[in-house]
Amino acid sequence: MAIKSDFDVGAVAISSTLTLDDTPGAAISAVSGLLYGWAIINTTAAVAYIQVFDVAAVGDVTLGTTTPRFVIPLAANGVYHFAMKKPIPFSTGIVVFSTTTTTGSTGAASNAVWFFA
């Protein structure tokens, strides 16, 4: 499904990830693109972190070893949404994991929607 966004010159795709954790994680896009924003719900009673990687496939990441492009912290049972006018470019693809520490490997359940083109 594509929607017209106030932020861009074309359509933005929506990738809905029902449950995000360390196994299996999620490939938001397997090709280069632009990330325009996200809406994430931490469904746990503890702090969680969304690790975002510039890779094409979930198998390209070794949690705890591969360095994420950036990390999104989530408060316990928190909701975080972010939309940007200038998107974040990814040269390879977009893969995400939800973990209990900033660059750790233990999964934390989260629900997320990602906006990319």
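The values are calculated or read from the model by the stated rules, or taken from the named source; none is laboratory data. None of these values were measured; they are calculated from a predicted model. Ideal geometry is used to build each Cβ from the backbone, glycine not excepted, and the neighbour counts take in all protein chains shown.
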Item to check | Options Gly107, Gly64, Gly25: the member that is on the phi > 0 side of the Ramachandran plot and in contact (Cβ under 8 Å) with a residue 60 or more places away in the chain | outcome: Gly25
Checklist entry - Looking at this structure, is Pro73 surrounded by 14 or more Cβ atoms within 10 Å (Cβ to Cβ) and either within 16 Å of Leu20 (Cβ to Cβ) or among the hydrophobic types (A, V, I, L, M, F, W, C) (or both)? => result no
Checklist entry - Residue check: is Ser105 assigned to a strand (DSSP E or B) and not aromatic (Phe, Trp, Tyr)? => result no
Item to check | Qualifying residues in the range 96-117 (those that are over 10 Å from the mean Cα position of the chain (by Cα) and surrounded by 19 or more Cβ atoms within 10 Å (Cβ to Cβ)) - the one farthest from Ala46 (Cα to Cα) | outcome: Phe116
Item to check | Members of the range 82-95 found to be surrounded by fewer than 19 Cβ atoms within 10 Å (Cβ to Cβ) and within 15 Å of Ile14 (Cβ to Cβ), listed by number | outcome: Phe82, Ala83
Checklist entry - Does Val79 satisfy the condition of being in contact (Cβ under 8 Å) with a residue 12 or more places away in the chain and surrounded by 18 or more Cβ atoms within 10 Å (Cβ to Cβ)? => result no
Next on the checklist: Can you say whether Asp22 is touching a Ser or Thr at 6+ places or on another chain (Cβ under 9 Å), part of a loop (DSSP other than H, G, I, E, B) and modelled with pLDDT under 90, as far as the supplied structure shows?
Outcome noted: yes
Item to check | Test set (1) of a type in the set (Val, Ile, Thr); (2) surrounded by 15 or more Cβ atoms within 10 Å (Cβ to Cβ); (3) assigned to a loop (DSSP other than H, G, I, E, B); (4) modelled with pLDDT of 95 or more - Thr44 fails condition number | outcome: (4)
